[in-house]
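Comments concern the structure below.
The values are calculated or read from the model by the stated rules, or taken from the named source; none is laboratory data. In this text, all values refer to a predicted model and were calculated from it rather than measured experimentally. Cβ atoms come from the backbone with ideal geometry, glycine included; neighbour counts cover every protein chain shown. Surface accessibility is based on the protein's heavy atoms, side chains included, excluding ligands, DNA and RNA. Shrake-Rupley method; radii C 1.70, N 1.55, O 1.52, S 1.80 Å.
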Amino acid sequence: MMDFWIILTGSLVAATCGVLGCFLVLRKMAMVGDAISHSVLPGIAIAFLISGSRDSVLMLAGAAVLGLITVFLIQMLQQSGLQSDASIGIVFTALFAIGVILISLNASHIDLDLDCVLFGEIAYVPWDTWILNGYDMGPAAVWMLGGTLLLVLALIGLFYKQFKLCAFDPALAAAVGIPVVLFHYLLMGMVSVATVASFESVGAILVVGMLIVPASTAYLLTDRLSRMLLYSVLIGILSSAGGYYLAKWLDASIAGAMISVAGILFVLAFIFSPLHGLAARYLKRRRLKAGTGMAQA
């Protein structure tokens, strides 16, 4: 049963991050996901200091606010003329450092440490259960991540056309009356919430892997957004299941093994993808050279 809960938790993280990651990759904002996953740390620390407890709702609220502040600061720096990568680096390192200071200064007063936030430990998920009226409802992380996934799917499904148009052509989206800025911040808010919901299961650093790698792999396999979303979720789930059994075999970090399997799948897609793979491009060049040679003959 423990195997089931661990794989389910990893799959929920992968599905949530996989859906959001597709839009980040299409909008060339993959590193913004990295920035948010680190810069929400002050929001979590402040929520702990205010409440004095590890209340999940306060964690999500604090993270969402800091995630939006991160995006706002990055855009403000970019509009002032600073390079995009420099803006991201400045904002997320500064906010992350503030979060580290807050936690280190108050570590004796709150049940939170940097290892928990950065790395997490998915192996402990089955032991942290939600008790409702005396009944064991199962791991609390599963309920948290399941609710987050439903929220993300509901918002993406409700505004699918708007998110799609904003991802491919923001100028056209603005021309037809879609509030591009609103949907931009809505997407960033969902990334913030998904990041915090995944903290205790896989940690902030590994959330970045689930946000980027499955979506990038799916991007190599199809040119249609609907299929890309489906492939990204399936690749993430496969990475979670495969990574768990790999970690069990190697007696290694479960979360690390999950991302390693996702990386292996990306390499396979990078080489063998029928659309954009190295093998397909090599064969295409061979056919073009053969066709040119025959025409000259």
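Worth a mention:
- Most mobile listed residue (Leu165, Leu20, Leu225) in the chain, GNM with C-alpha springs under 10 Å: Leu165
- Dipole of the chain, positive direction: furthest Cα of Leu151, Ala215, Gly62, with charges on the beta-carbon: Ala215
- Candidate cross-link partners of Lys161 among the lysines, defined by an alpha-carbon separation under 24 Å and a same-chain spacing of 8 or more, comprise Lys28.
- Solvent-accessible area per residue in the chain equals 50 Å², computed with a 1.4 angstrom probe and all protein chains kept.
- Of the residues Gly177, Gly43, Gly189, the one that moves most in a GNM of the chain with alpha-carbon contacts below 10 Å is Gly177.
- With contacts taken as Cα pairs under 8 Å and at least 6 residues apart, the chain reaches a relative contact order of 28 percent.
- Accessible surface of the range 149-277, 1.4 Å probe, proportion on carbon and sulfur as whole %: 74
- Per-residue extension of 0.36 nm, minus the Cα-Cα distance of Gln78 and Leu283, leaves a gain of 69.7 nm for this segment.
- Candidates Trp249, Trp127, Trp143, ranked by Gaussian network fluctuation over the chain, Cα under 10 Å, top entry: Trp249
- Residues whose placed amide H lies under 5 Å from that of Trp130, excluding near-sequence neighbours: Met137, Gly138, Ala140
- For Ser104, the accessible surface of its heavy atoms amounts to roughly 80 Å² (probe 1.4 Å, protein chains only, rounded to the nearest 10).
- Rounded to the nearest 20 debye, dipole of the chain from Cβ charges on Lys, Arg, Asp, Glu: 1820
- Pair Phe4, Trp127: separation of 7 Å Cα→Cβ label points (nm): 2.1
- For the chain, the equivalent ellipsoid derived from the alpha-carbon gyration tensor has semi-axes of 35, 25, 18 Å in decreasing order.
- For the chain, the membrane-span-like helices by this rule, meaning whole DSSP H stretches whose C-alpha atoms cover at least 30 Å of axis and whose Kyte-Doolittle mean is -1.0 or above, are 2-26, 56-79, 84-105, 225-250; this says nothing about an actual membrane.
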